[in-house]
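Student: The structure is given below, and queries will be raised subsequently.
The values are calculated or read from the model by the stated rules, or taken from the named source; none is laboratory data. If you're wondering where the values come from, they're calculated on a predicted model, not measured in any experiment. Here the Cβ is made from the backbone with ideal geometry for all residues, glycine too, and neighbour counts use every protein chain on show.
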């Protein structure tokens, strides 16, 4: 009888132990405990101001036989944007939709700034604070002798015009003249007639595409994954990460979970998810979402210098509204494309999804620093002409598509870097990225060999 009692007591204790362990790992915390949760105060990077977070996707200065193209992380791009930004901050509410204020037909466009990430304007914004709240997609500058006109555009308001006082744009036009004084335009707009002449193909070009006019070279890059303080990162996601369950994965990754949210750390980045928060909604405006994006990435890992905010947009899934923001690294004006982007999803309840995979150029000893600037890794490569790249992309599209393609919509074509190699030795491979009929085709920039998605890190 005594032995049976001991056995029963032992079983009860084992069951209680298993139950309490389950509750610790997966169970819901009492409401009073949740209310008292306070994250440890940690020193993290200050969020970026809107002036530093939102910049044009590209700035184009038209020339007589082509155009000068400036993209993010280009030094001349920064000089131009500083002056344009200062100009937009100094203008109140002088824009008008009245075409009487439009530039005359003989005026020539002398600058075109495109914003894939819309520039917020209006009350409480740094730019055009005298206008009603909104955003702009494009900014154009027209010139005729000593006169200039500014034209702003967006899908909701259409085009609005402003003729500043004479001399108000001297700072901007002076910078443009300095940058383009000694250089011939190095890009040209692609149009169907040029494609027909080069390739004898009818192609529909659905968006403005600039391609190099002359031979171009790019560096092969030696890269490294960013170095994040993992202990600090854990403190930003968990009240006490020491209480989280840790799962060691076969590929070397490590998963932390407290039963509600999980953080997976690898040698090249991390993934975070909080499914319960995903069920919330959002009431944030676009400008508020921009600020929240800056806060979240600055708090959870920081915002490296050459990382650019690419897009912030309202999304919907299963009836739940949320914002999604995406970033991309740049090197000398070229985007650095990874298999998994740096992207966050959030709503009024907070952050519920975050993938972060950021690579930077690897440092070299000081003795070879100049060589590194010139060659970056294994030397420079000669970029194949745009016509060769487009022809090759069309061949690849035909191989991938069972049905014959009678119409070719060319949606995008640009030079980029794609991250390839291994986790211990990542490389930045120069590439042509071509989008035709919604199909993205990535080709090595020199020999035009296909780079598949599974080849990317």
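For every residue, the table says whether it meets (1) at pLDDT 90 or above; (2) in a helix (DSSP H, G or I); (3) assigned by TED's automatic domain parsing to the domain that holds residue 157.
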{"residue": "41", "(1), (2), (3)": "no, no, no"}
{"residue": "56", "(1), (2), (3)": "yes, no, yes"}
{"residue": "59", "(1), (2), (3)": "yes, no, yes"}
{"residue": "62", "(1), (2), (3)": "yes, no, yes"}
{"residue": "69", "(1), (2), (3)": "yes, no, yes"}
{"residue": "76", "(1), (2), (3)": "yes, yes, yes"}
{"residue": "89", "(1), (2), (3)": "yes, yes, yes"}
{"residue": "105", "(1), (2), (3)": "yes, no, yes"}
{"residue": "111", "(1), (2), (3)": "yes, no, yes"}
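Student: In the list 221, 307, 210, 284, which residue meets the criterion of being touching a helix residue (DSSP H, G or I) at 6+ places or on another chain (Cβ under 7 Å) and buried (at least 16 other Cβ atoms within 10 Å of the Cβ)?
Tutor: Working: 221 fails: touching a helix residue (DSSP H, G or I) at 6+ places or on another chain (Cβ under 7 Å); 307 fails: touching a helix residue (DSSP H, G or I) at 6+ places or on another chain (Cβ under 7 Å); 210 fails: touching a helix residue (DSSP H, G or I) at 6+ places or on another chain (Cβ under 7 Å).
Unique residue meeting the criteria: 284.
Student: Right, residue 252: within 18 Å of the chain's Cα centre (by Cα) and at positive phi or not? Let's see the steps before the verdict.
Tutor: Working: within 18 Å of the chain's Cα centre (by Cα): no; at positive phi: yes.
Here the answer is no, as residue 252 does not meet what is asked.
Student: Given the criterion crowded, with 18+ Cβ neighbours inside 10 Å and in contact (Cβ under 8 Å) with a residue 12 or more places away in the chain, identify the matching residue among 277, 239.
Tutor: 277
Student: Here is a list of conditions, (1) at pLDDT below 95; (2) over 24 Å from residue 335 (Cβ atoms); (3) crowded, with 16+ Cβ neighbours inside 10 Å, and residue 228 meets all of them except one; can you say which number that is?
Tutor: Exception for residue 228: condition (2).
Student: If residue 269 satisfies every condition in (1) on the phi < 0 side of the Ramachandran plot; (2) surrounded by 18 or more Cβ atoms within 10 Å (Cβ to Cβ) but one, which is the exception?
Tutor: Unmet for residue 269, out of (1) on the phi < 0 side of the Ramachandran plot; (2) surrounded by 18 or more Cβ atoms within 10 Å (Cβ to Cβ): (1).
Student: Now for a separate question. Would you be able to say whether some residue in the stretch 360-381 is modelled with pLDDT of 95 or more and surrounded by fewer than 16 Cβ atoms within 10 Å (Cβ to Cβ)?
Tutor: There is no residue in the stretch 360-381 that is modelled with pLDDT of 95 or more and surrounded by fewer than 16 Cβ atoms within 10 Å (Cβ to Cβ).
Student: Take the stretch 110-140 and flag every residue that is over 25 Å from residue 328 (Cα atoms), in contact with a strand residue (DSSP E or B) (Cβ under 8 Å, 6 or more places away or on another chain) and surrounded by fewer than 16 Cβ atoms within 10 Å (Cβ to Cβ).
Tutor: 133
Student: Still on this structure: Only one of (1) surrounded by 16 or more Cβ atoms within 10 Å (Cβ to Cβ); (2) more than 25 Å from the chain's Cα centre (by Cα); (3) outside any loop (DSSP other than H, G, I, E, B) is not met by residue 178, so which one is it?
Tutor: That leaves (1) as the condition not met.
Student: Looking at the stretch 413-432, can you tell me whether even one residue there is touching a helix residue (DSSP H, G or I) at 6+ places or on another chain (Cβ under 7 Å), touching a residue at least 12 places away in the same chain (Cβ under 8 Å), buried (at least 19 other Cβ atoms within 10 Å of the Cβ) and closer than 19 Å to residue 201 by Cα?
Tutor: yes
Student: Is it the case, given these coordinates, that residue 310 is more than 30 Å from residue 210 (Cβ to Cβ) and in contact with a strand residue (DSSP E or B) (Cβ under 9 Å, 6 or more places away or on another chain)? Can you show your working first?
Tutor: On the way: more than 30 Å from residue 210 (Cβ to Cβ): no; in contact with a strand residue (DSSP E or B) (Cβ under 9 Å, 6 or more places away or on another chain): yes.
Criteria not met by residue 310.
Student: Something else about it: Restricting to the stretch 228-284, name every residue that is within 28 Å of residue 315 (Cβ to Cβ) and part of a helix (DSSP H, G or I). Give the steps one after another, and end with the answer.
Tutor: Keep residues of the stretch 228-284 that are within 28 Å of residue 315 (Cβ to Cβ), which gives 228, 233-234, 236-238, 253, 255-266, 268-284.
Correct list: 233, 234, 236, 237, 275, 276, 277, 278, 279.
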